[in-house]
Amino acid sequence: MKAWRRNGAAFEPCESLPLTDRGFRYGMAVFESLRVTDGEAEFFERHLSRLVQACAEREITVEESALAAAEDLLREDGSSGFARLYVTAGDGGPAATAEQARILVFIEPRTPPDPEDAWEIGLHDESYHPVFGGLKTANYWFNCDALAHARRRGLDETLLFNDRAELASACMANVFLLCGERLCTPPRSSGARGGVIREWVIARRRVEERRLRREDVVNAEEIFLTNSWIGVMPVATVEGRPLGPRSVGPKLAAELANRRQW
């Protein structure tokens, strides 16, 4: 993994965070994940816009130009893989204002998923309590634990439901269901994350954002997951139940692979 930290004027290589950082101590950080190919960060402007919005929502003071400089950093590095752009609340007490934010970038090599893949997923039993309406923060322990449970069962992912029994998302991805002729996805109020690929799908298909429940998942004709690394990932089975012919997900996956632009 390669990592850099903004020193106020430029990015410099780093290997750690100080123990005083509230991103480490309390999970007070927001981030965006990016797929990078030969230094080109896909949909960077969209990710940047979402990160700026997240900082504003959590009252973290940060200059947009400092965040935007990460694109040049990744381009100059020229690597391919999975990258994240983090903004932490910096040092201070739990209730202090976030006026000295830290900006960090890392990239790690990963092999992209096979475009012909289709995942097997499950349904997680424990209620999910999304932080700040599904905002992408460093509080990911629940998601990681649920994913670990799924992997021990031989599954690729699992779906999470909030304490109102509403579908929120997968552990590391957003989710779309084809119910009859309607393509549906949970709203952010249910815990869905404001993902760039989620918005890419919504921009290209008629999608109904509404509250969904287990019966909607069980009765769905088709399901696919989205995030910036996997793109659009069709689902083959839910709790071992094979889904019907997959059409919408594979078509969108092909469109995304061919365009990789808004």
If each part is reduced to its alpha-carbon centroid, region 210-262 and region 74-99 end up apart, in Å, by 30 Å
How much of the accessible area of region 99-215, in percent, comes from carbon and sulfur atoms when a 1.4 Å probe is used?
-> 47 percent
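What is the sum of charges around Ser79, taking Lys and Arg as +1, Asp and Glu as -1, for the other residues whose C-beta is under 15 Å from the C-beta of Ser79?
Working: positive: Lys2, Arg35, Arg75, Arg84, Arg110; negative: Asp38, Glu40, Glu42, Glu71, Asp72, Glu76, Asp77, Glu108.
Cβ neighbours under 15 Å give a net charge of -3.
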In region 54-126, the GluC sites (Glu not before Pro) that fall in loop regions by DSSP, at most 15 other Cβ within 10 Å | Glu59, Glu63, Glu99, Glu116, Glu126
Let me have the 222 nm mean residue ellipticity of the chain computed from DSSP H runs of 4+ only, each contributing -39500 (n - 2.57), with the sum over all residues rounded to the nearest 500.
-> -8000 deg cm²/dmol
Accessible area per residue in Å² at 1.4 Å probe, computed on region 171-236 = 36 Å²
Keeping all protein chains in place, calculate the accessible area per residue for region 8-100 (probe 1.4 angstrom), answer in Å².
-> 51 Å²
Peptides ranked, highest mean first, by Cβ atoms within 10 Å: ranges 36-42, 9-15, 201-207 | 36-42, 201-207, 9-15
Cut-off under 5 Å, modelled amide H: who pairs with Ala170 long-range | Leu160, Val175
Of the GluC sites (Glu not before Pro) in region 133-195, those whose Cβ has at most 13 other Cβ within 10 Å and which sit in DSSP loop | Glu181
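The values are calculated or read from the model by the stated rules, or taken from the named source; none is laboratory data. Source: prediction; values computed, not measured. FYI the Cβ positions are ideal-geometry reconstructions off the backbone, even for glycines, and counts take in every protein chain you see. These area figures cover heavy atoms from the full protein model, side chains too; ligands, DNA and RNA do not enter into them. Shrake-Rupley method; radii C 1.70, N 1.55, O 1.52, S 1.80 Å.
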